[in-house]
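Visitor: So that we are looking at the same thing, I have put the structure below in structure tokens.
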Amino acid sequence: MPAPQFTELNRLGNSRSNRWGSRVTNFLLHTQEGDGTAESLASYLNNPNNGASYHYTVRDGVVCDVVDTDYASWSVLDANSYTINLCFAGSRASWSREQWLAREHDIRIAAWLAVQDARKYSFAPVVIAPPYYQGEGISDHRYVTDELGIGTHTDVGPGFPWDRFAAFVSEYAGGATLVNEIDAKAEVSPWLGARLTAGENVCPDNIGRWAHFEHGYIYWSPSTGAHPIPDALWSKFEALGWEVGPLGYPTTDHTVLTGPDGQPWGDVQGFQGGALYRRYGQPIALWVHGAIRDHWNRSGFENGPFGWPTSDEQPFDGAAFQDFEHGRIYWMPKPTLGLLNAGETDKPLADAA
């Protein structure tokens, strides 16, 4: 899609900070809560004594570049280091949908800028609209308040036309290519067998897509790409609530693990919220995640002294533990954990406090 028409003005100043190596993950929208133009707001922001800045100001087809996006603007407190921020000059969070739609061309410009920066910094060009979820993408100042717990601002306000903005983002991000990524993965995964769904299905979050095959599924999201999930791992993925559950989307293809004799031993696949392991002969895969997973990984995974997981993580007395073939790993936020001798395996005893 060609870029929308706008006039771009260089108003770069020094109201900025170093990102100190932080990866940019979000593009955020803001209101001015005033009546300025793109130029007058940029002039105000260029005075470091005012303690505020945005990367862009936009109004009536004029875009002012105020802070180089390689630097952090002063917009969202502790979230500055990993965000890009755009302010609609002369706007207010109290605006109605009709008032926002009178500035629809500026909304289109903001969508185009957001997609360009998403490509430049390799974060997902997806819109995170209210009621929000935490992740990479394009949102507003209220996302920082409600989802990240930083600050108190609620702009761009309830009247903002998220549907129109998301449509513009989809245009510029090339949303029509989604099926191709699933098809491309299917082409190099012949073990999946015949395709059982025509095209693709939309995930409940309205972001991801999935398709069903004879021996598994392919799931796609903008931030994770397309990855097949074999039937051997699928039942656990389903039991945990699919991609809207704690596992999230798959981040890797599955891997067949081999034992000391070189023979296939089991399957593993990485997800946003941990990994699924299934040793052949087990009835279902098991979920390993968080600090217990980190401890197990450091010990050598399934080839280390603990061996394969034999249970999911189990909550206990404000703590948690997970059983493995040759032992148990505890996660304990509390300072103490009591154990009673009970034969070969110690029995944890809840604290009376």
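Visitor: Specify which of the listed residues (217, 277) is closer than 30 Å to residue 173 by Cα, modelled with pLDDT of 95 or more, of a type in the set (Ser, Thr, Tyr) and crowded, with 20+ Cβ neighbours inside 10 Å.
Guide: 217
Visitor: Any idea which of (1) over 15 Å from residue 86 (Cβ atoms); (2) at pLDDT 95 or above; (3) small (Gly, Ala, Ser) is the one residue 53 doesn't satisfy?
Guide: Every listed condition holds for residue 53 apart from (1).
Visitor: Further question: Out of the residues in region 197-214 that are modelled with pLDDT of 80 or more and of a type in the set (S, T, N, Q), state the one that is farthest from residue 241 (Cα to Cα).
Guide: Only one residue fits best here, namely 197.
Visitor: Would you confirm whether or not region 174-190 contains a residue that is hydroxyl-bearing (Ser, Thr, Tyr) and within 24 Å of residue 124 (Cα to Cα)?
Guide: The answer is yes; a qualifying residue exists.
Visitor: Filtering region 1-27 down to residues that are touching a helix residue (DSSP H, G or I) at 6+ places or on another chain (Cβ under 6 Å) and surrounded by 20 or more Cβ atoms within 10 Å (Cβ to Cβ), which residue is nearest to residue 167 (Cα to Cα)?
Guide: The residue in question is 27.
Visitor: Moving on to the next point. Are any of the residues in region 132-141 without any contact (Cβ under 8 Å) to a residue 40 or more places away in the chain and of a type in the set (A, V, I, L, M)?
Guide: no
Visitor: Out of the residues in region 301-313 that are modelled with pLDDT under 95 and more than 16 Å from residue 267 (Cα to Cα), state the one that is farthest from the chain's Cα centre (by Cα).
Guide: For region 301-313, the residue satisfying everything is 305.
Visitor: Which one of these does residue 277 not meet: (1) more than 23 Å from residue 181 (Cβ to Cβ); (2) hydroxyl-bearing (Ser, Thr, Tyr); (3) outside any strand (DSSP E or B)?
Guide: (3)
Visitor: Can you go through 60, 65 and tell me which one is in contact with a Leu (Cβ under 7 Å, 6 or more places away or on another chain), over 17 Å from residue 153 (Cα atoms), of a type outside the set (Ser, Thr, Tyr) and modelled with pLDDT of 95 or more?
Guide: Selected residue: 65, the only one of 60, 65 that is in contact with a Leu (Cβ under 7 Å, 6 or more places away or on another chain), over 17 Å from residue 153 (Cα atoms), of a type outside the set (Ser, Thr, Tyr) and modelled with pLDDT of 95 or more.
Visitor: Name the residues in region 234-265 that are surrounded by fewer than 17 Cβ atoms within 10 Å (Cβ to Cβ), touching a residue at least 40 places away in the same chain (Cβ under 8 Å) and outside any loop (DSSP other than H, G, I, E, B), would you?
Guide: Those that are surrounded by fewer than 17 Cβ atoms within 10 Å (Cβ to Cβ), touching a residue at least 40 places away in the same chain (Cβ under 8 Å) and outside any loop (DSSP other than H, G, I, E, B): 235, 239, 244.
Visitor: Same structure again: Of all the strands (runs of 3 or more DSSP E) wholly in region 285-331, which have at least 2 residues that are surrounded by fewer than 18 Cβ atoms within 10 Å (Cβ to Cβ) and not aromatic (Phe, Trp, Tyr)?
Guide: 314-316, 319-324, 327-331
Visitor: Step by step: first the residues of region 83-121, then only those that are closer than 18 Å to residue 155 by Cβ and aromatic (Phe, Trp, Tyr), then the one that is surrounded by the fewest Cβ atoms within 10 Å (Cβ to Cβ). Which residue is that?
Guide: Applying the filter and picking the extreme gives 95.
The values are calculated or read from the model by the stated rules, or taken from the named source; none is laboratory data. Values in this document were obtained by computation on a predicted structure and should not be read as measured data. Note that we place each Cβ from the backbone using ideal geometry, even for glycine, and neighbour counts take in every protein chain shown.
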